[in-house]
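Engineer: Dropping the structure in here first, questions after.
The values are calculated or read from the model by the stated rules, or taken from the named source; none is laboratory data. Computed from a predicted model, the values in this text were never measured in an experiment. Every residue, glycine as well, gets a Cβ built from its backbone with ideal geometry; the counts of neighbours run over all protein chains shown. Heavy atoms of the whole protein, side chains included, go into the accessibility calculation; ligands, DNA and RNA do not. Shrake-Rupley method; radii C 1.70, N 1.55, O 1.52, S 1.80 Å.
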Amino acid sequence: MHPERRAQLTAWARDTGALIVEDDYDAEYRFGSRPIAPLRSRAGDCVAYVGTTSKVLAPDLRLGWLLVPAHMAAAVSAEHSVAHALPSVINQAAFATLLESGDFDRHLRRTRAIYRARRAAVLASVISRVPLRITGGAAGLHLMAWLPPQASECDVVAKANLVGVAVDGLRGACAVKRDLRPALVVGYGAISEAAIPAAISALIDVVSNASPTTPRLVAGER
Ligand SMILES: Cc1ncc(COP(=O)(O)O)c(C=O)c1O
């Protein structure tokens, strides 16, 4: 979000007494040129900041954190204990040890380089084969690959799975599906860099066969 827009958002929250929930789930893997400071760092009075270990360690850990404005802390803590949403104490202790020892920072530095290389491999493989507009690659472990408007997302996902390429469709990830253009959510968190060119090539074959007209490469955010 543009800095001016961010300032407008926090001004609006302060004026109206609203709470902004900042879901910074992919903060640790940013591949854009400039890291963006969270809204929370400038507007701690009106932002609840949410983080997770799902991308940096593993989703099955079910560990996360929530920083709320100070005046809400007691109420949120009380609600939380009623909900019994308590992650494993052993996992929490292990994560605390990782943080305190500096191993977590070392892990992030190592994995950032790995994911940056995988992301570059996906983009290079797409560019070398033409189609698919790619966006959303500035952060996280996924890219969005926009299909030609006439393509059936469901069909492409099913056929890709049949040739051994596991991708998700955008529809399943969106609550509001009206006017949604067909797209794939292409993750590179669980594939080796060496396997990427063949996987993308197989995916592009599926897309090309699924579309009556050859899709064009459209310049997009990388
Ligand atoms: C938008 C968004 N927020 C948060 C998360 C992390 O969720 P959780 O910590 O429940 O795994 C994800 C995971 O993919 C996500 O896509």
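Engineer: With only Lys, Arg, Asp and Glu charged, each at its Cβ (+1 for the first two, -1 for the last two), find how big the charge dipole of the stretch 1-122 is about the Cα centre; round to the nearest 20 debye.
Structural biologist: So the dipole magnitude of the stretch 1-122 works out to roughly 680 debye.
Engineer: On to the next question. Hey, how much of the P(r) for the stretch 74-181 falls beyond 18 Å, as a percent of Cα pairs?
Structural biologist: Of all Cα-Cα distances in the stretch 74-181, 70 percent exceed 18 Å.
Engineer: With every protein chain left in place, what is the accessible area of Lys159 in Å² (1.4 Å probe, nearest 10)?
Structural biologist: About 90 Å², ignoring ligands and nucleic acids.
Engineer: Please report Rg (one decimal) and Dmax (integer) in Å for the Cα set of the chain.
Structural biologist: According to the Cα coordinates of the chain, Rg and Dmax are 20.2, 58 Å.
Engineer: Still on this structure, I have one more. Would you please give the residues with an amide H less than 5 Å from that of Ala48, counting only those at least 5 places away or on a separate chain, with H modeled from the backbone geometry?
Structural biologist: Ile20, Val21, Glu22
Engineer: I've got another one for you. Show me 132-139, 111-118, 185-192, 67-74 ranked by packing, highest mean number of other Cβ atoms within 10 Å first.
Structural biologist: Descending mean neighbour count gives 132-139, 185-192, 111-118, 67-74.
Engineer: What is the percent of Cα-Cα separations in the stretch 8-111 that go past 23 Å?
Structural biologist: Value for the stretch 8-111: 39 percent of Cα pairs lie more than 23 Å apart.
Engineer: For Asp168, what residues show an amide H to amide H distance below 5 Å, using hydrogens built from the backbone and excluding near sequence neighbours?
Structural biologist: Val185, Gly187
Engineer: Ignoring ligands, DNA and RNA, please state the percent of accessible area on the chain from carbon and sulfur, probe 1.4 Å.
Structural biologist: Carbon plus sulfur share of accessible area: 58 percent.
Engineer: By per-residue mean of other Cβ atoms within 10 Å, what is the highest-first order of 193-205, 88-100, 18-30? Display every interim value, and only then the final one.
Structural biologist: Values: 193-205: 17.2, 88-100: 12.2, 18-30: 15.5.
The peptides rank, most packed first, as 193-205, 18-30, 88-100.
Engineer: Quick one: net charge around Ile20, please, counting Lys, Arg +1 and Asp, Glu -1 for every other residue with C-beta under 13 Å from its C-beta.
Structural biologist: Residues close to Ile20 contribute a combined charge of 0.
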